[in-house]
Amino acid sequence: MIRINESSPMHTIQDLGRFGFASQGVAHAGPMDSIAACWANWILGNSVNRPFIEIGGGGLVAEFTKPANVAIAGAWGDFTLDGQPLVGPGCYPVNAGAVLNIGRLSSGLFTYFAVEGGFDMEPFLGSVATCQRDALGGANGSGNALVAGDELSHHTNQLKPQRLIPRRYLDSYKTPLICDLIMSNSDHFDSIAIDSFFNQSYTVTKEQSRIGYRLEGQISISARRSRYSIPIPLGGVQIPPAGQPIVLMRDHGSLGGYPMIGTLTRRSLSLLAQRLAGGVISFRPIERDQAITEFLKYQEFFGDFR
């Protein structure tokens, strides 16, 4: 059993998400950074869709009532196990009675905490992913974030040696980010708007949530015409009347009426999710076939990827 001693509204149970129900208005949910989340399960030998904890902004304290092998991946910072600093993303053996402290983050926004075998909980609509907007998933199935006093059941396994994720696979969350964008097949934007979109940098604003990230650039982008509400994808980049992009994140609605200039690749979406307010990003077009090839490589490596 793992007992949560300190938590926040940004700490939730997730898996890779709840797909196939958008027509009913149900959000995908799942991890903001799916790459880091998959690493946390993969390094333990789990199926990458086993439930894990998404820790937004640090500040989680967990106590172990029995031994476990755990993994930490994604945003990094002041992390200790029984007062001893963790040296980097990877898996660690934990003895009964130990306390894990995920403290202040120095890089990124979202950390992923997995346990060997995953946490034991019943899925609903094929997933345990927490969506507070839809009141679905989580430790008790009602879409609530983790709170102090919650207890999470898991299997007991023989302790394994410490194993770190190779540095070559670790991303920096501080450097300027170039996002790959699959262009939409529409006539909402003329060539001037498209050139302006790709030839400037944007900053991530403080309006960041699991629903969407608002960006701000020097030049506003205007669509030639509005559109009726249609289904919108995870990672879609909408341009509202103000002319500044909104990137749709994991808990976005299933319909939207703003013109959409394109959709981020899953890798770019994961890396954007880790950017703090003030982070600098730009966009470049990518061919759909190239984006599919990249996506399939992640699926081949992890065994599943969404």
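Which of the residues spanning the stretch 235-249 are assigned to a loop (DSSP other than H, G, I, E, B) and modelled with pLDDT of 95 or more? Within the stretch 235-249, GLY235, GLN244, PRO245, MET249 qualify.
All conditions in (1) part of a loop (DSSP other than H, G, I, E, B); (2) in contact (Cβ under 8 Å) with a residue 12 or more places away in the chain hold for THR175, with the sole exception of (2). The set of residues from the stretch 235-267 being closer than 24 Å to PHE21 by Cα and among the polar types (S, T, N, Q) comprises GLN238, SER254, THR263, THR265. You will find that of GLU122, GLU151, the residue that is in contact with a Lys or Arg (Cβ under 7 Å, 6 or more places away or on another chain) and not hydrophobic (A, V, I, L, M, F, W, C) is GLU151 and no other. Criterion applied to GLY45, GLY30 was being assigned by TED's automatic domain parsing to the domain that holds THR156, surrounded by 24 or more Cβ atoms within 10 Å (Cβ to Cβ), assigned to a loop (DSSP other than H, G, I, E, B) and on the phi > 0 side of the Ramachandran plot, and the one residue passing it is GLY30. Looking across LEU105, LEU81, one residue alone is outside the structural domain of LEU248 (by TED's automatic domain parsing) and touching a Ser or Thr at 6+ places or on another chain (Cβ under 9 Å). It is LEU105.
Being assigned to a loop (DSSP other than H, G, I, E, B), surrounded by 13 or more Cβ atoms within 10 Å (Cβ to Cβ) and either among the aliphatic types (A, V, I, L, M) or without any contact (Cβ under 8 Å) to a residue 24 or more places away in the chain (or both) is a description that applies to ALA223.
Annotation note: of ARG50, ARG104, the sole residue that is within 24 Å of GLY149 (Cα to Cα) and over 18 Å from the mean Cα position of the chain (by Cα) is ARG104.
Here ARG267 qualifies as basic (Lys, Arg) and either out of contact with any strand residue (DSSP E or B) (no Cβ under 8 Å at 6 or more places or on another chain) or not in a loop (DSSP other than H, G, I, E, B) (or both).
The set of residues in the stretch 121-150 that are part of a loop (DSSP other than H, G, I, E, B) and of a type in the set (Gly, Ala, Ser) comprises GLY126, ALA129, ALA135, GLY138, ALA139, GLY141, GLY143, ALA145, ALA148, GLY149.
When we screen GLN218, GLN238, GLN244, GLN208 for residues that are surrounded by 16 or more Cβ atoms within 10 Å (Cβ to Cβ), farther than 21 Å from ILE182 by Cβ and out of contact with any helix residue (DSSP H, G or I) (no Cβ under 7 Å at 6 or more places or on another chain), the only hit is GLN208.
The values are calculated or read from the model by the stated rules, or taken from the named source; none is laboratory data. A quick note: this is a predicted structure, and the numbers were derived from the prediction, not measured. Using ideal geometry, Cβ is built from the backbone for each residue, glycine included, and neighbour counts are taken over all protein chains shown.
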